[in-house]
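Encoded as structure tokens, the structure appears first; notes follow it.
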Amino acid sequence: HLAALVLARGGSKGIPLKNIKLLAGVPLIGWVLRAAIDAGVFHSIWVSTDHDEIEKVAKQFGAQVHRRSPEVSQDSSTSLEAITEFLNHHHEVDIVGNIQATSPCLHPSDLIKVADLIQKEGFDSVFSVVRRHQFRWSEVKKGENKMTEPQNLNPAKRYRRQDWPGELYENGSFYFAKRHLIEKGYLQGGKMAYYEMRAEHSVDIDIDIDWPIAEQRVLSFGYFGKEPLKEVKLLVCSIDGCLTNGRIYVTEDHKEMVSYDYRDIVGIDLLKKRGIQVRLISDRDCSKTLSAMQLGCVAKVNVTNKLQVLKDWQEDMGLSWKEVAYLGNEESDVECLKQAGMSGVPADACATAQKAAAYICKSRGGCGAVREFAEHIFLLLEKVNSARKQ
């Protein structure tokens with residue numbers, strides 16, 4: 001029994017609840033859980049946590065949850081202690097694949113190859129490494145009267161990067177080990193093997209990268225699902241709560257007014273310039289509001305079945321679902337969010353809509369969410385174009 005185990009403690013000295021903080025619109029832990037599930041090599045996938053919100057997100061992404069004890073949830077607790085506790089409660093598990101939540105560029109192909117190493121080739125432990133081309137020098141502590149010495153080079157004959165194979169360093173993405181080894185107090189031991197990951201996939205937020213840079217790396221090199229991304233041709237946006245903030249102002253003479261953010265109008269214009277159609281949808285009759293906004297978009301109001309309207313538009317345009325994006329915020333949008341190839345919600349969307357969406361905006365509805373989602377679409381289109389060139 002090969003089990004994937006992601007350790008996700010609630011406490012974090014650096015970033016509060018870092019493991020579920022949104023990275024490129026997805027909770028950090030969601031990136032590795034998606035890769036583990038799609039690898040298809042694990043008999044079970046677990047998140048070990050002491051926090052209710054992390055448990056909620058883990059289950060949302062399809063993982064089972066092991067509630068770890070306070071004894072192994074301290075700042076001083078080690079990964080080995082948490083893994084050992086997990087094994088004590090799950091006697092069916094023979095091999096643990098400890099996957100780090102802070103490695104969002106992990107791909108299923110890596111996990112499949114590692115599973116083969118430990119299950120078919122008889123290794124007791126396998127861990128991830130990355131190749132680096134860095135020259136090392138001995139440290140000279142302050143006050144010491146001595147010279148530094150080269151550690152892995154001859155200064156008189158320095159290698160060119162392309163002529164030097166470099167060195168292998170642990171990158172912390174994963175540690176696979178058999179039960180008997182862990183019970184002896186080791187994650188690495190017995191018949192050992194390393195697995196070399198590609199440098200662009202070797203992202204460790206804990207060590208050497210900050211959040212904005214990590215988001216760019218994930219958008220460029222992250223794993224987005226089994227099916228390849230396609231160029232988006234249609235964005236359907238819910239009006240109330242996405243394009244507007246959902247509030248309706250009523251004057252003394254019973255006229256309705258809504259507010260919108262000019263940034264969202266610019267976002268719609270940018271989408272159109274990229275050849276992406278933008279269509280609007282609403283549960284209520286807001287035709288007068290749309291007329292006043294003069295957006296020039298096809299719109300459908302008074303809709304009782306949003307999914308049917310979305311299907312009709314998709315079929316009329318001859319699009320695959322991968323070419324359709326949807327921005328919604330309410331329960332009436334959930335089925336559309338699940339169906340669309342690219343889905344998003346504003347930061348203040350209802351819980352069920354957030355659960356169904358692949359991207360959660362930092363902006364609230366009516367406060368730049370449409371523009372933000374448009375920028376997300378553009379970044380993913382760059383990934384599509386890059387993949388085509390390769």
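The values are calculated or read from the model by the stated rules, or taken from the named source; none is laboratory data. As the structure is a computational prediction, the values presented were derived from the model and not from experiment. So basically every Cβ, Gly included, is an ideal-geometry build from the backbone, and we count neighbours across all protein chains shown. We work out accessible area using only protein heavy atoms, side chains counted, and drop any ligands, DNA or RNA first. Shrake-Rupley method; radii C 1.70, N 1.55, O 1.52, S 1.80 Å.
Among residues of the stretch 127-167 being basic (Lys, Arg), in a loop (DSSP other than H, G, I, E, B) and under 27 Å from Arg198 (Cβ atoms), the one that is modelled with the lowest pLDDT is Arg160.
Tallying residues that are among the polar types (S, T, N, Q) and part of a helix (DSSP H, G or I) within the stretch 168-199 yields 0. Within the stretch 183-197, residues that are in the same structural domain as Leu106 (by the TED database) reach no partner that is surrounded by fewer than 14 Cβ atoms within 10 Å (Cβ to Cβ) and hydroxyl-bearing (Ser, Thr, Tyr) with beta carbons closer than 8 Å at six or more positions or on different chains.
Test Thr289 against the criterion of being polar (S, T, N, Q) and part of a helix (DSSP H, G or I), and give yes or no.
yes
Against the test of being within 17 Å of Gly241 (Cβ to Cβ), open to solvent by less than 20 Å² (accessible area, probe 1.4 Å) and either among the hydrophobic types (A, V, I, L, M, F, W, C) or not in a strand (DSSP E or B) (or both), the options Leu337, Leu380 yield a single qualifying residue, Leu337.
The one condition from (1) surrounded by fewer than 13 Cβ atoms within 10 Å (Cβ to Cβ); (2) closer than 30 Å to His91 by Cα; (3) in contact with an Asp or Glu (Cβ under 6 Å, 6 or more places away or on another chain) that Lys178 does not meet is (1). Among the residues of the stretch 223-266, write down those that are of a type in the set (A, V, I, L, M, F, W, C), under 15 Å from His376 (Cα atoms) and in contact with an Asp or Glu (Cβ under 8 Å, 6 or more places away or on another chain). The answer is Val232, Leu234. On inspection, Tyr169 fails the criterion of being open to solvent by 90 Å² or more (accessible area, probe 1.4 Å), aromatic (Phe, Trp, Tyr), closer than 30 Å to Val6 by Cβ and in the same structural domain as Ala36 (by the TED database). Of all the residues in the stretch 181-219, those that are under 21 Å from Ser109 (Cα atoms), open to solvent by less than 50 Å² (accessible area, probe 1.4 Å) and more than 25 Å from the chain's Cα centre (by Cα) number 1.
Would you mention how many residues in the stretch 246-270 are assigned to a strand (DSSP E or B), acidic (Asp, Glu) and surrounded by fewer than 11 Cβ atoms within 10 Å (Cβ to Cβ)?
So the count comes out to 0.
Among the residues of the stretch 248-260, is any within 21 Å of Gly328 (Cα to Cα) and of a type in the set (D, E, K, R)? No: zero hits. Every condition in (1) in contact (Cβ under 8 Å) with a residue 40 or more places away in the chain; (2) more than 25 Å from the chain's Cα centre (by Cα); (3) open to solvent by 60 Å² or more (accessible area, probe 1.4 Å) is met by Arg160 except one, and the failing one is (1). Pairs are defined by a Cβ separation below 7 Å, a sequence spacing of at least 6 or placement on different chains, a first member in the stretch 372-385 that is charged (D, E, K, R), and a second member that is open to solvent by 20 Å² or more (accessible area, probe 1.4 Å); the pairs so defined are Glu372/Lys362; Glu372/Ser363; Lys383/Ser220; Lys383/Leu229.
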